[in-house]
Amino acid sequence: MNPDGFLEDVLSAPDRLAATLDAYDGPGSPLDDVERELPRVGQVVFVGMGSSRFAALPVAARLRASGLSAVVELASTELPTRPSSSTLAVAISASGRTPETVDALTRHRRGGLPTVAVTNDPGSPLADAADVVLPLHSGAEQGGVACVTFQATLAVLLLLAGRLGGGPRPDDLRPAIGAAASLREGRSEWVDQALEHLEGAHTVYAVAPSARISSALQSALMFREGPRVPADAAETGDWLHVDVYLAKHPGYRALLFTGSRFDGELMGWAKRRASTVLAVGGPLEGTAMRVPVPGADDELMALLVETGVAELVAAEWWRRLVAADAPITRPE
């Protein structure tokens, strides 16, 4: 893992998203195999670990909202969902070598279920355990951090959901390419200020609406995996029941991905407790600063673009720590 490679990956994300969407557009899309080779689907079970599982959470929610049963499981679970004759198992691993995920998909296939592998390596053990392979077409991640593969996984799963239950097609996701590029082009206007607010935090918190919980989970992972900063995630409504207590701790700092009906109530508590909250997306009264995200008012755009904020901040934070050759200092 290295910070320069991580930043290179993050900056290349728009072009890599374009490559993924190009591969799934028009005749010959890998998704054609899903419709051609798999039976009618009544239930979808997504399995994965880490960011692979994060990406499946909003997709499963969208499928449930469309009327299709869909669940997301840790591949390591000892209590997997009981399959039915119409269950489709979708296993997700960018490397295609995550042991828990390979084992889970192999078990599903031995049980007679149709299986799909979502991976960046079509020649991997995970691909070998699947009836249909959906490649990410992301290329190698030079920094060793799962960032562009997370974006591609989310895009591919959204497109799979479109085939299963009605939803986005490649052209519906293409505006995210330009939005992601604009976010990166304007980073000099907000990255330093965001770091001024976050540096020295005992923990960085990321908070997002339920429909975009993947943004909070992935953002927290970027701080942990890159600069090795303690970070955690919460859903906005649930924050009022579980993380509100942490806001009493001096130095509480959070990235709030806006758009939840609970944003105002969260900010009410944050203001009373002098907490530092950075708004990612739309404007929100009481926040220390706002990082505007192009297209943030569109849920699909936000899902694919907004995690770039944490990635860019984490990359710069990591670079500074390496340049200083010193561990991060945190308040007692």
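With every protein chain in place and a 1.4 angstrom probe, the accessible-area ranking of E37, E306, largest first, reads E37, E306. Distant-in-sequence amide contacts of V229, defined by a placed amide H-H separation under 5 Å and a gap of 5 or more residues or a different chain, comprise R224.
Over all distinct alpha-carbon pairs, what is the Kirkwood Rh of region 229-314 in angstrom?
Details: mean 1/r = 0.0754 Å⁻¹.
Hydrodynamic radius (Kirkwood, Cα pairs) of region 229-314 is 13.3 Å.
Residue ranges 146-159, 51-64 sort as 146-159, 51-64 when ordered by packing (mean number of other C-beta atoms within 10 Å per residue, highest first). Per atom type, the chain shows carbon and sulfur on 49% of its accessible surface, probed at 1.4 Å. Rounded is the label for region 20-169, because a/c, from the alpha-carbon gyration tensor with a ≥ b ≥ c as root eigenvalues, stays below 1.5.
Summarise the long-distance tail of P(r) for the chain by giving the % of C-alpha pairs beyond 27 Å. Kindly include the intermediate steps, with their values, before the conclusion.
Working: 23467 of 54946 pairs.
Here the long-distance tail beyond 27 Å is 43 percent of all Cα pairs in the chain.
Which trypsin sites (Lys or Arg not before Pro) in region 234-332 pass both tests, a DSSP loop state and at most 15 other beta-carbon atoms within 10 Å? Don't skip to the end; give the middle numbers.
On the way: sites: K248, R253, R261, K271, R272, R273, R290, R319, R320; in loops: R261, R273.
Qualifying residues, ordered by number: R261, R273.
Judged by the ratio a/c of the largest to the smallest principal axis of the C-alpha gyration tensor, region 157-214 counts as oblate, that ratio being 1.5 or greater while a/b is no larger than b/c.
When the Cα positions of M222, A55, S66 are compared along the charge dipole of the chain, S66 comes out farthest toward the positive end, with charges on each C-beta of Lys, Arg, Asp and Glu.
Between K248 and S188, what length in nm is gained on full extension when 0.36 nm per residue of separation is reduced by their alpha carbon distance?
Numbers: separation 60, 0.36 × 60 = 21.60 nm, distance 3.16 nm.
Between K248 and S188, full extension yields an extra 18.4 nm.
Heavy-atom accessible surface of the chain, averaged per residue, reaches 41 Å², computed with a 1.4 Å probe. Amide H to amide H, with H built 1.01 Å from N, E73 comes under 5 Å of F46, V47, G48, counting only residues 5 or more places away or on other chains.
Beta bridges from DSSP with both residues in region 1-99: antiparallel share about 0 percent, rounded to the nearest 5. Can you give the % of DSSP beta bridges in the chain that are antiparallel, to the nearest 5? The antiparallel proportion sits near 0 percent.
Which of these, G111, G167, G50, has the largest mean-square fluctuation under a Gaussian network model of the chain (Cα springs below 10 Å)? With Cα springs under 10 Å in the chain, the top fluctuation among G111, G167, G50 is at G111. The Cα trace of region 114-213 gives Rg and Dmax of 17.3, 50 Å, the first to one decimal, the second as a whole number. Placing pseudo-labels 7 Å out from each Cα toward the beta carbon at S86 and D172 gives an inter-label distance of 2.1 nm.
Against the criterion of solvent-accessible heavy-atom surface with a 1.4 angstrom probe, W239, W318 sort, most first, into W318, W239.
With +1 on each Lys and Arg Cβ and -1 on each Asp and Glu Cβ, how big is the dipole of region 14-169 about its Cα centre, in debye rounded to the nearest 20? Don't skip to the end; give the middle numbers.
Numbers: 13 positive and 15 negative charges, 103 e Å.
Taking the Cα centre of region 14-169 as origin, the dipole is about 500 debye.
3J(HN,Hα) along region 281-296, derived from phi through the Karplus expression 6.51 cos²θ - 1.76 cosθ + 1.60 where θ = phi - 60°, amounts to x, x, x, 8, 4, x, 7, 5, 6, 10, 9, x, 10, x, x, 5 Hz, with x in place of Gly and Pro.
The values are calculated or read from the model by the stated rules, or taken from the named source; none is laboratory data. Please read all numbers here as calculations on a predicted model, not as lab measurements. Using ideal geometry, Cβ is built from the backbone for each residue, glycine included, and neighbour counts are taken over all protein chains shown. Note: areas computed on protein heavy atoms with side chains; ligands, DNA, RNA excluded. Shrake-Rupley method; radii C 1.70, N 1.55, O 1.52, S 1.80 Å.
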